[in-house]
Amino acid sequence: MIFYWQIAATTQYLDQVSRLPINIQESIGKRWIEVATNVNPMNIGNTSTRGQEPNPNVVVMFPGLTFEFVYRINKTTETILLINCEELHFLNHGQTNSTLDDS
């Protein structure tokens, strides 16, 4: 396995992920290995960039994980800095919203 990118993480990111169940942490780790072993890390997951080249911030969602991740690419040092991990909360349309039921 060839790694094209080094992976580093902010304290905030590590704190966020450390609170998750181990099986989810393992799934997240496998995704970052997949990113690090791809010549273009933005080919993995559903990505969007924010910021200027050459070192943009990237927002990514990976299939099968209900999280949104933010990382920064440093092309000079070939490093990906993991910044943020937020769980996505989807509205369950089968549930009623009490503010709407007050009509």
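Worth pointing out:
- In terms of the mean number of neighbouring beta-carbon atoms within 10 Å, the peptides 15-25, 73-83 order highest first as 73-83, 15-25.
- The 3J(HN,Hα) values that the Karplus relation (6.51, -1.76, 1.60; θ = phi - 60°) gives for the stretch 61-72 are, in residue order, 10, 9, x, x, 10, 8, 9, 10, 10, 10, 9, 10 Hz. Gly and Pro appear as x.
- Cα gyration tensor category, rounded, prolate or oblate, for the stretch 1-59 with a/c compared to 1.5: oblate
- Per-residue 3J(HN,Hα) values for the stretch 22-29, derived from phi via the Karplus relation 6.51 cos²θ - 1.76 cosθ + 1.60 with θ = phi - 60°, read 4, 5, 6, 4, 5, 4, 5, x Hz in sequence order (x marks Gly and Pro).
- 5 angstrom amide H check on THR37, placed H, neighbours 5+ away: TYR4
- Label-to-label distance, LYS30 versus THR10, with points set 7 angstrom from Cα along the beta-carbon direction: 2.8 nm.
- Computed over the stretch 1-59: relative contact order in percent, which uses C-alpha pairs under 8 Å that are six or more apart: 31 percent
Quick note: the coordinates plus some simple rules give every number you see, no bench work behind them. On a predicted model such as this, the values are computed, not experimentally measured, just so you know. All Cβ positions, even for glycine, are placed from backbone atoms using ideal geometry, and neighbour counts span all protein chains on display.
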